[in-house]
1. Conditions: (1) open to solvent by 40 Å² or more (accessible area, probe 1.4 Å); (2) in contact (Cβ under 8 Å) with a residue 60 or more places away in the chain; (3) of a type in the set (Ser, Thr, Tyr); (4) under 23 Å from residue 279 (Cα atoms). Residue 196 meets all but one. Number of the miss?
2. Provide a single number: the residues in the stretch 127-137 that are in a loop (DSSP other than H, G, I, E, B) and open to solvent by 40 Å² or more (accessible area, probe 1.4 Å).
3. Taking the stretch 204-217, which residues are among the charged types (D, E, K, R) and either buried (at least 16 other Cβ atoms within 10 Å of the Cβ) or touching a residue at least 12 places away in the same chain (Cβ under 8 Å) (or both)?
4. Please find, within the stretch 280-332, the residue that is nearest to the chain's Cα centre (by Cα) out of those that are within 15 Å of residue 228 (Cβ to Cβ) and loosely packed, with under 13 Cβ neighbours inside 10 Å.
5. Which of the residues belonging to the stretch 220-240 are more than 34 Å from the chain's Cα centre (by Cα) and open to solvent by less than 50 Å² (accessible area, probe 1.4 Å)?
6. Determine which single condition residue 124 fails, assuming it passes every other condition in (1) at pLDDT below 90; (2) under 39 Å from the mean Cα position of the chain (by Cα); (3) open to solvent by 90 Å² or more (accessible area, probe 1.4 Å).
Amino acid sequence: MILRSGGVLLLLSNIAITSAFSVSPANLGTRSLTATTFVSPLNTLARKNAALTLNSSKRESDTIEEAAGTKGKGKAAVDPGLRSKLLSESIAPWRTLRLFLYASFGFGAFLGGLITLSGVAAFLSGARDDVDLNAEYLNLGIDFGAAIAFAVLAKFDIDKGNELSDNVEKKLERKKVQRKITNAMREREERLSRLTLNVRVSEGGDMQTATVDALQSGAKQHMIIVAGNRKAIRDALLGANFLKMEFAVRNLLVVPFEISEDGEQQVRPSGGFAERPAYETQPYVAEIVGEGWAEYIKEEMDDAVKQGGDKVKEEGIAIVLANDGKVIRRGVGKVPWRKMVEELETAVTGEKQELL
């Protein structure tokens, strides 16, 4: 029988490289399934492997993003399990082909080993005398070694496929949750525009009530809503006091919402200025009035707690609202006033603004 070590080993190495690289359709044409035509230095393989990994990651992200944003309708909706499997196939389309090749070549090598083994057995029993035992033993090792190698490659590819399917399902679930949160935030922004505020319209402290939408569309007012316990509100307003001239120039209102320990809105005393600290009665500080604020702040706080933990309740949150009704930023903890105002101006004007 003819020695087949060279061809089998080259075939194994070529398929292993193809499996490890997870070749995409665009790059498949640069590689041949014939082992003798696949010659490349190690550094070239490393560069191609890195590029293919980046392409695969981007392909996976784009595919999942598109799938997460597509909703099934009526009877045409796809079963979640089947959908995940189809997504995995679209991300790694050549895995099925590789598994077929592993099975075919592995079975062929195993069958060849059995045939070779029968020839050796015939020679040992005296039925044949034309067998080169050294060559046959080598062929046995190659055949059964190749069968084992193909089985290992198949196991590796199947495990990677299962891992990819799990990752796809997790990412799809995260995308769905994120989409729900985003939709909830947009709905809250619409409700926020209908809430009311008291704003100071004179140096004597005269107040006027207006909706958030009216202040934004009519007076072109930006807003930064700060919610938290007494300490968080005090620290935020004290920090804002250093930029009070900028607030007046840039039409910016600060809306504090103090929350008590039991999670309810803390009502501050009203009346003369002597009853309240000076930093709470600045012209740029608006006061919340009417219903709806407590529900809005609670929903914002709940979302922040989900992402940042219970420490958010102690540190407080800040919501930067542009005069076009869009939330530019949501933050937790100490309010970086200068940075927030700069980001607000940049988002609205499209140009980076440096504060004095």
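1. (1)
2. The qualifying residues number 5.
3. Listed by number, the list holds a single entry, 213.
4. 309
5. Of everything in the stretch 220-240, just one residue is more than 34 Å from the chain's Cα centre (by Cα) and open to solvent by less than 50 Å² (accessible area, probe 1.4 Å), namely 237.
6. Every listed condition holds for residue 124 apart from (2).
The values are calculated or read from the model by the stated rules, or taken from the named source; none is laboratory data. Just so you know, these numbers come straight off a predicted model, no measurement behind them. Note that each Cβ is placed from the backbone with ideal geometry, even for glycine, and that neighbours are counted across all protein chains shown. Just so you know, the surface numbers come from the protein's heavy atoms only, side chains and all, with ligands and any DNA or RNA stripped out. Shrake-Rupley method; radii C 1.70, N 1.55, O 1.52, S 1.80 Å.
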